[in-house]
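The values are calculated or read from the model by the stated rules, or taken from the named source; none is laboratory data. Everything numeric here is computed off the predicted structure, so don't read it as measured data. All Cβ positions, glycine included, derive from the backbone under ideal geometry; neighbour counts span all protein chains shown. The area values use the complete protein model at the heavy-atom level, side chains included, leaving out ligands, DNA and RNA. Shrake-Rupley method; radii C 1.70, N 1.55, O 1.52, S 1.80 Å.
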Amino acid sequence: MQALKVVRPTTIAEAIEQLNEGGDGARPLAGGTDVIVIARARVRDIDVLVDVKQIPELTAIEWDPDSGLTIGAATPCYELYGNADVVQNYPAIIDSATLIGGTGIQGRASFGGNLCNSSPSGDTIPTQIVLEGVANIAGPNGERSVPVEDFCTGPGRNVLGQGEFVVSISFPAPDASGGARFLRFIPRNEMDIAVCNAASAVKLDGDTVRWARVSIGAVAPTPLLVQGAADALVGKPLTDETIEAAAEASKDAATPIDDMRGSIKQRKHLSAVLTRRTLQQAARRARGEDIPSVGGH
């Protein structure tokens, strides 16, 4: 473990100053479930951890039926699945929040931390993408917002510059005709890193898809928004044939690697399988059918 200095700012301005002064060796600490592991393994040289949980905006949950949902970047997962507004209006968020690690990890891990870790297999990122999430960033040059699909730039890399950090993630209000679903595949319960994951969101006009987004993860250098999958669906009836076309688009978009968790062939196959299943179940949610969240909370 590296020798670390921990600072606890209470305002966004203080956090920016401390991150900026710390330079390349400073990292925000939201839950710490990723960054502490990185520091212990000496994957990166980290001198200063800026614990942002004392900043009120970083742990807030704000919901408005018209403007939507804003989640503080350090809000732990258990607060999401314990919030009635999030549970009722954003079940796909609950899909992700309830399967990150075990209960102890969910008491620390956050959507903002998962996004900023920028792993290709991050289990909240496809959900954030299909729900049109926007990362709200603060830094020395002011504030800016970046769509989540544009946030990650490579394995463990993202758009954040010197002194910048994610304050919150915003999602538009859900549509009454919409539904979304997240699923992942892991080879056994003890291995918590996805071989492949996927999320889908649809809005229906009767049996016709009027809007759709599909995202897949762990099958490319970054989580992907699969535009080809949406193109295969929008303006068409939601049938086995159109769902299959979307699944094939995800398979084509996947550019995975072989590693100890899975092969290229398996991951491309899973990209199609999970796209198919998430679309089917997102449509069921759009029609008002009850689909339990995957983590059991």
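The table that follows gives values for the structure above.
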read-out	value
Any hit, region 203-224, residues being without any contact (Cβ under 8 Å) to a residue 12 or more places away in the chain and out of contact with any strand residue (DSSP E or B) (no Cβ under 6 Å at 6 or more places or on another chain)	yes
When residues of region 172-191 are limited to those that are touching a helix residue (DSSP H, G or I) at 6+ places or on another chain (Cβ under 6 Å) and part of a strand (DSSP E or B), the one surrounded by the most Cβ atoms within 10 Å (Cβ to Cβ)	Phe182
1 or more residues open to solvent by 10 Å² or more (accessible area, probe 1.4 Å) and among the hydroxyl-bearing types (Ser, Thr, Tyr): qualifying helices (runs of 4 or more DSSP H) within region 42-100	77-81
Yes/no for Thr278 being touching a Ser or Thr at 6+ places or on another chain (Cβ under 8 Å), outside any loop (DSSP other than H, G, I, E, B) and of a type in the set (Ser, Thr, Tyr)	yes
Residue list for region 165-191, restricted to those being at pLDDT 95 or above and β-branched (Val, Ile, Thr)	Val166, Val167, Ile169
Pick from region 107-125, criterion buried (at least 24 other Cβ atoms within 10 Å of the Cβ) and without any contact (Cβ under 8 Å) to a residue 60 or more places away in the chain, ranking: nearest to Ser271 (Cα to Cα)	Thr124
Filtered residues of region 153-170 (kept if small (Gly, Ala, Ser) and not in a strand (DSSP E or B))	Gly156, Gly161, Gly163
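Table: residues versus (1) modelled with pLDDT under 95; (2) open to solvent by 20 Å² or more (accessible area, probe 1.4 Å).
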| position | (1), (2) |
| --- | --- |
| Ile193 | yes, yes |
| Val202 | no, no |
| Asp205 | no, yes |
| Val209 | no, no |
| Gly217 | no, no |
| Thr222 | no, yes |
| Leu233 | no, no |
